Amino acid sequence: MKEVIDFFKVEMKNGGLRFIIKDFMMFLTSSPRKELDEILRIAKKHNCKFTFFVVGRVCDSDPELVKKIAEGGHEIASHAYNHVDYSKLTGKEIEEDLRKSIASLKKLGIKARGFRPPYLLFKKNIYSISKKVGFSYVSGLEKKGQPFKINSIYEAPISPPFDWELIGIKGEKDRKKIMHTWKKQAEAGGVLLFHPWIAGRLFKKEFEELVSFKTPIKIESLINKKKGYSISIDVGGAGVFSIIKRLIK
Ligand SMILES: [Zn+2]
């Protein structure tokens, strides 16, 4: 809890309380529709494909949204059915939730090849369970670089910084620093993680600059040994809870 309080203190110094409240209200209330439209527009304009990790509940409640993403030729992967902390579930509960998420995508004619654990919280059993339900990869570890094999399934690790670390950053100097980091990560390969609010709204300009700088490919291409880097967008998880959960972990 102390870290959460410290986090808010730092954020207040950086951006002012008003900015934090505005951001957090946005995280809590805004539908990502508009932001996703922007992300899809940017992808089309620069002729690149992303990987979208979609929560199963969203597939069931908003199938049109998911179909629209798929129509852009992007990869759709699973972000669980319920956006819950998998490290607290039994193996059986995880398997059930994953199978439910697979079924929700299948209804839309989509076969998910990969999975990203909600909040990036999980236990080691995630790899064997993911393989059992038919995934080719998990994207859950925080680590720089290209995908690698782990327990006979691929891990497509996520290169820091995570986009939620950018909330509250406003100044041009800080934005330039972030841009520099993203470009370096793109050159080094691996997977970058974004949420719609960052890529499609708060850092839209930087996001577009990044994808035009070096064309991202789908994670499924990365695990098929293609060189390059991927951009992944998590859809349907509550960003603000991710931040708090990670900070108090
Ligand atoms: Zn999430």
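Worth pointing out:
- In a reduced charge model with +1 at each Lys and Arg Cβ and -1 at each Asp and Glu Cβ, the range 84-150 shows a dipole moment near 280 debye about its Cα centre.
- Backbone amide hydrogens, once placed in the peptide plane, bring S230 within less than 5 Å of G190, V191, L192, I217, excluding anything fewer than 5 places away on its chain.
- Electrostatic bookkeeping for K176 treats Lys and Arg as +1 and Asp and Glu as -1; over the other residues with beta carbon under 11 Å from its beta carbon, the sum is 0.
- Inter-part distance where the range 163-196 and the range 86-135 are each reduced to a Cα centre, Å: 28 Å
- The range 32-238 - charge dipole about Cα centre, Lys and Arg +1 at Cβ, Asp and Glu -1, debye rounded to 20: 540 debye
- Fewest-first ranking of E64, E155, E95, using other Cβ atoms within 10 Å as the exposure measure: E64, E95, E155
- Likely footprinting exposure, H83, H195, fewest C-beta neighbours within 10 Å first: H83, H195
- For the range 181-195, backbone phi angles converted through the Karplus equation (6.51, -1.76, 1.60; θ = phi - 60°) give residue-by-residue couplings of 4, 4, 5, 5, 5, 4, 5, 7, x, x, 10, 9, 10, 10, 10 Hz, Gly and Pro being listed as x.
- Listed from fewest to most Cβ neighbours within 10 Å, the set T215, T90 follows the order T90, T215.
- For the residue pairs K92/K143; K177/K214; K205/K225; K34/K205, the C-alpha atoms sit more than 22 angstrom apart in K92/K143; K205/K225.
Just so you know, all these numbers are worked out from the coordinates, no wet-lab data involved. All figures in this text were calculated on a predicted structure; none of them were measured in a lab. So basically every Cβ, Gly included, is an ideal-geometry build from the backbone, and we count neighbours across all protein chains shown.
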